[in-house]
Amino acid sequence: MERLLVVRGDITRERTDAIVNAANCSLLGGGGVDGAIHRAAGPRLLDECRTLGGCRTGEAKITKGYDLAAKYVIHTPGPVWHGGAHGEDALLRSCYIESLKRASENGCATVAFPSISTGVYHFPLERAAAVAITAIRDYLAVHDEIEQVRMVCFDARTEAAYQHALDAAEGL
């Protein structure tokens, strides 16, 4: 089994131990992936998120998956793009690493990620893909408990960017 895959699909339908939510800092739902996950998981997800006190950019918190196929949802607020000179790459990398740490701590062998920060937060897609793939590969290199990570891309452009980043990383 390949440990890191890029696929096109709907993250709310992933049958993994955990899916990652590109959340906002309130953790109370929003647009895009965040809104889709909250709608698919049902109202109990919002109820649990209300007890968490929010989450800072680059950190991650975990909840149950409720009505999703996934057992858990890992919520991580990505950075808003401000030109690249404000620590955006490090914060985005931290989103992936901290999410994987929550997965490891909770016995998750399979994890599905969306493209964090590339929607309304305007992180450049190709740059975000390179940061994500590098962070995930670095984590997997020293954590055998995670058997597979899936980058679930909503459209062809996103899928192509992540596949290109994965192919480039495998060539190193």
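Residues to consider are 115, 104, 99; find the one that is within 16 Å of residue 20 (Cβ to Cβ) and touching an Asp or Glu at 6+ places or on another chain (Cβ under 9 Å).
Criteria check complete, one pass: 104.
Which of (1) surrounded by fewer than 24 Cβ atoms within 10 Å (Cβ to Cβ); (2) on the phi > 0 side of the Ramachandran plot is the odd one out, the single condition residue 117 does not satisfy?
Failed condition: (1).
Which condition breaks for residue 90 when tested against (1) under 24 Å from residue 13 (Cβ atoms); (2) outside any loop (DSSP other than H, G, I, E, B); (3) open to solvent by 50 Å² or more (accessible area, probe 1.4 Å); (4) not aromatic (Phe, Trp, Tyr)?
(1)
Hey, among 138, 155, which residue is modelled with pLDDT of 95 or more and under 24 Å from residue 1 (Cβ atoms)?
When all the criteria are applied, what remains is 138.
Looking at region 55-75, which of the residues that are under 20 Å from residue 13 (Cβ atoms) and touching a Gly at 6+ places or on another chain (Cβ under 8 Å) is least open to solvent (accessible area, probe 1.4 Å)? Walk me through how you get there before you give the answer.
Step one: of region 55-75, the residues under 20 Å from residue 13 (Cβ atoms) are 62-75.
Then drop every residue that is not touching a Gly at 6+ places or on another chain (Cβ under 8 Å), which leaves 66-67, 71-73.
Working: 66: 61, 67: 98, 71: 132, 72: 42, 73: 0 Å².
Here the residue is 73.
If residue 87 meets every condition in (1) under 16 Å from the mean Cα position of the chain (by Cα); (2) modelled with pLDDT of 95 or more apart from one, which number is that one?
So the condition that residue 87 fails would be (1).
Between 8, 44, which is surrounded by 14 or more Cβ atoms within 10 Å (Cβ to Cβ) and among the basic types (Lys, Arg)? Steps first, answer last, please.
Details: 44 fails: surrounded by 14 or more Cβ atoms within 10 Å (Cβ to Cβ).
Going through 8, 44 in turn, the sole match is 8.
Looking for whichever is in contact with a Phe, Trp or Tyr (Cβ under 6 Å, 6 or more places away or on another chain), modelled with pLDDT of 95 or more and of a type in the set (Gly, Ala, Ser) here; the options are 41, 23. Which one fits?
Only one candidate passes the filter, namely 41.
Mind listing just one residue for me: the one in region 93-133 that is in a loop (DSSP other than H, G, I, E, B) and aromatic (Phe, Trp, Tyr) and, of those, farthest from residue 64 (Cα to Cα)?
Step by step, filter region 93-133, then rank; the result is 123.
Which residue, of 57, 63, is in contact with a Pro (Cβ under 7 Å, 6 or more places away or on another chain) and of a type in the set (Ser, Thr, Tyr)?
After applying the criteria, what remains is 57.
Yes or no: residue 128 open to solvent by less than 50 Å² (accessible area, probe 1.4 Å) and in contact with a helix residue (DSSP H, G or I) (Cβ under 8 Å, 6 or more places away or on another chain)?
Details: open to solvent by less than 50 Å² (accessible area, probe 1.4 Å): yes; in contact with a helix residue (DSSP H, G or I) (Cβ under 8 Å, 6 or more places away or on another chain): yes.
So residue 128 passes the test.
Residue 3 is checked against (1) surrounded by fewer than 21 Cβ atoms within 10 Å (Cβ to Cβ); (2) free of Cβ contacts under 8 Å to residues at least 40 places away in the same chain and fails just one. What number does that condition carry?
(2)
Across region 26-39, which residue is nearest to residue 70 (Cα to Cα) among those that are among the aliphatic types (A, V, I, L, M), without any contact (Cβ under 8 Å) to a residue 40 or more places away in the chain and open to solvent by less than 40 Å² (accessible area, probe 1.4 Å)? First the steps, then the outcome.
Applying the first criterion (among the aliphatic types (A, V, I, L, M)) to region 26-39 yields 27-28, 33, 36-37.
The next check asks that each one be without any contact (Cβ under 8 Å) to a residue 40 or more places away in the chain; those that pass are 28, 36-37.
Filter again for open to solvent by less than 40 Å² (accessible area, probe 1.4 Å), leaving 36-37.
Details: 36: 14, 37: 11 Å.
Per the stated criteria, the residue is 37.
The values are calculated or read from the model by the stated rules, or taken from the named source; none is laboratory data. Small disclaimer: the values here were computed from a predicted structure and weren't measured. Every residue, glycine as well, gets a Cβ built from its backbone with ideal geometry; the counts of neighbours run over all protein chains shown. The area values use the complete protein model at the heavy-atom level, side chains included, leaving out ligands, DNA and RNA. Shrake-Rupley method; radii C 1.70, N 1.55, O 1.52, S 1.80 Å.
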